[in-house]
1. Would the range 27-37 turn up any residue that is closer than 18 Å to Q147 by Cα, among the β-branched types (V, I, T) and modelled with pLDDT of 90 or more?
2. State the number of residues belonging to the range 97-155 that are surrounded by fewer than 17 Cβ atoms within 10 Å (Cβ to Cβ), of a type outside the set (S, T, N, Q) and in a loop (DSSP other than H, G, I, E, B).
3. Determine the pairs where a residue that is within 16 Å of N2 (Cα to Cα), located within the range 16-44, has a partner that is among the basic types (K, R) with Cβ atoms under 7 Å apart, the partner being 6 or more residues away or on another chain.
4. Within the range 95-118, track down each residue that is aliphatic (A, V, I, L, M) and under 17 Å from A151 (Cβ atoms).
5. Restricted to the range 110-121, and to residues that are at pLDDT below 90 and on the phi < 0 side of the Ramachandran plot, which residue is farthest from the chain's Cα centre (by Cα)?
6. Against the definition (in the same structural domain as V87 (by TED's automatic domain parsing) and under 19 Å from G86 (Cβ atoms)), how does P97 come out, yes or no?
Amino acid sequence: MNLDEAQRHHVADWIAAGAKLSEIQNRLLSEFGAKFTYMEVRFLVDDLKLTPKDPEPPKVVAPPAAQAPAAGAVPAPGEDPLAAGGVAVTVDHLTKPGTMISGKVAFSDGQQADWYLDQTGRLGVVPKMAGYKPSAADVQEFQAALQREIAKLGF
């Protein structure tokens, strides 16, 4: 079925308003009594040299920053991790090869280490200084801070 010039202008207006092809198909039937298949609507829009608009992605509103407790607190960007006190855990933006997630930890005594979780869920910690072992309190604090950080990421 062919559309007259006025009907083609309506289709162009619908596209400009952001209508999807299925909506145009329904409107052609309800307003003009013209029954088109979805493919025919695609060809019609193409023949009219129109381009349907992509829907706008939903806007994500960042939640307000909450006061983090000193234990396991992640320092602000540019802030010294040790200035925050306690144990500071960060997550790498680029995960190390062979791991599910990786990052860095700064312990309360100033020592630093890399950490990772492998594909089997095993936690590994690689201290910067060979032979370093954090205190039991730091290990507990590290595990709690790590669990919070991983939960934020949906793991």
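The values are calculated or read from the model by the stated rules, or taken from the named source; none is laboratory data. None of the values given here were measured: they were computed from a predicted structure. A quick note on method: Cβ atoms are made from the backbone with ideal geometry, for glycine too, and the neighbour counts reach across all protein chains shown.
1. No, that holds for no residue.
2. Total satisfying the criteria: 15.
3. L29/K35
4. M100, I101, V105, L117 - these are the residues of the range 95-118 that are aliphatic (A, V, I, L, M) and under 17 Å from A151 (Cβ atoms).
5. Here the residue is T120.
6. no
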